[in-house]
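**Q** Okay, here's the structure, questions in a sec.
The values are calculated or read from the model by the stated rules, or taken from the named source; none is laboratory data. Everything numeric in this text was worked out from a predicted model, so none of it was measured. Cβ sites come from the backbone with ideal geometry, for glycine too, and all protein chains shown count toward neighbours. Ligands, DNA and RNA are stripped out before the accessible areas are found, and what is left, the full protein with its side chains, is counted by its heavy atoms. Shrake-Rupley method; radii C 1.70, N 1.55, O 1.52, S 1.80 Å.
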Amino acid sequence: MEPRLEDEQARNEYLYLQRALKEVSGLDLTAYKERQMMRRLRGFVGRRGLESLTALADAIRHDEEIRQQLTDYLAINVTEFFRNPERFADLAANVLPLLRRRTDALRIWSAGCSTGAEPYSLAILLEEMEPGSWIRHRVIGTDIDREALAEARTGIFHADRLREVSVERRRRFFTELGDGRWQVQDHLRRYVKFSAHNLLEDPYPTQQHLILCRNVIIYFTEEAKEHIFAKLAASLAPGGFLLVGSTETIFYPGRYVLKTAGPFLYVRTEE
């Protein structure tokens, strides 16, 4: 029978791994929900053929490959183009035109972007709004998973990630490669710069006009969520917008100098 989290030996092993991972990679598991993290770690241990979380802790101390594989595995990589299409429709119809009237050069951040479908979706909206605007506007896509970012830079996606992409958009912004794969065209990829970023540890970009951080922080503890919301809000330019996931409502946005601007959408009010 699988040991429960309350089991003393299981918990001691978890804490041992927690300390090891913090020391060697800087990833702090104390910010994550314990039960969910334990399930994922046990899955990794099983796939690697290791005996226990203690064996995993010892392995990541001296094996860089396993350490990176674990870090990548713990990242949640569920993504597709125009996920929750009504949110993107609102961005296209209301948010982006409003921001464009305020500035000639938009700064947009997709935090926790996984393999890049979200920042590329934003680039499509920008190109439709203003063709060739990659010269002025920039989208950054960040994630803790370096393998996912490497995949994002190729711009290659399987067709199941393009379920919400219309035939016209496929024709205009993608090239069909065969075997169910599509590649984002070069003129669209110019909008997006990808880089590694840890929401708990790394400095945040500043003066962003729009930030999307969706379906990422649901895995964090309440304390970590408050920290991230505060940092995201501080990263916005005055009047900038933050879009979160449908399970990540900010119940007291005023504490972060935000106010509700739509479903799961907030605007920074500080001038």
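**Q** Pairs on different chains or at least eight residues apart, Cα atoms closer than 22 Å: how many lysine pairs in the chain fit?
**A** The result is 8.
**Q** Okay, moving on. In what order, largest first, do Leu149, Leu98 sit by accessible area if the probe radius is 1.4 Å?
**A** Per-residue accessible area, sorted high to low, gives Leu98, Leu149.
**Q** How far apart, in nm, are the 7 Å Cα→Cβ label points at Lys22 and Phe251?
**A** Once both label points are built, they end up 2.7 nm from each other.
**Q** Sticking with this one: In whole percent, and with a 1.4 Å probe on the protein chains, what portion of the accessible area of the chain is carbon and sulfur?
**A** 48
**Q** Rounded to the nearest 500, what is the 222 nm mean residue ellipticity of the chain from helices alone, with -39500 (n - 2.57) per DSSP H run of 4+ residues and division by all residues?
**A** -12500 deg cm²/dmol
**Q** If you average the C-alpha positions of segment 149-164 and of segment 45-63 separately, how far apart do those two centres end up, in angstrom?
**A** Segment 149-164 and segment 45-63 have Cα centres spaced 31 Å from each other.
**Q** Kindly write out, for segment 114-130 in residue order, the coupling ³J(HN,Hα) from the Karplus curve 6.51 cos²θ - 1.76 cosθ + 1.60 (θ = phi - 60°), rounded to whole Hz, with x marking Gly and Pro.
**A** Coupling constants for segment 114-130: 6, 8, x, 4, 5, x, 5, 4, 5, 4, 4, 4, 5, 5, 5, 6, 8 Hz.
**Q** Next question. Counting only heavy atoms of the protein chains, get the accessible area per residue of segment 71-216 (1.4 Å probe) and round it to a whole Å² value.
**A** Ligands and nucleic acids excluded, the result is 44 Å² per residue.
**Q** Can you list the residues, at least 5 places off or on another chain, whose amide H is less than 5 Å from the amide H of Leu212, using H built in the peptide plane?
**A** Here the answer is Trp109, Ser110, Ala111, Leu243, since their amide H atoms fall under 5 Å of that of Leu212.
**Q** While we're on this one: For the Cα atoms of the chain, what angle does the longest principal axis make with the long axis of helix 53-62, in degrees from 0 to 90, nearest 10?
**A** 70
**Q** What list of whole percents do you get for P(r) of segment 21-121, with Cα-Cα distances grouped in 10 Å bins up to the one holding the largest distance?
**A** Going from the shortest bin to the longest, the percentages are 12, 33, 23, 18, 12, 2.
**Q** I want to check the label-to-label distance for Lys225 and Thr154. Put each point 7 Å from Cα in the C-beta direction and report it in nm to one decimal.
**A** Spacing of the two 7 Å Cα→Cβ label points: 3.5 nm.
**Q** Quick check: residue separation of Thr260 and Arg48 times 0.36 nm, minus the Cα distance between them. What number comes out in nm?
**A** 71.8 nm
**Q** I've got another one for you. Helix 34-48 sits at what angle to the longest principal axis of the chain, using alpha carbons and giving 0 to 90 degrees rounded to 10?
**A** The angle comes out at about 80 degrees.
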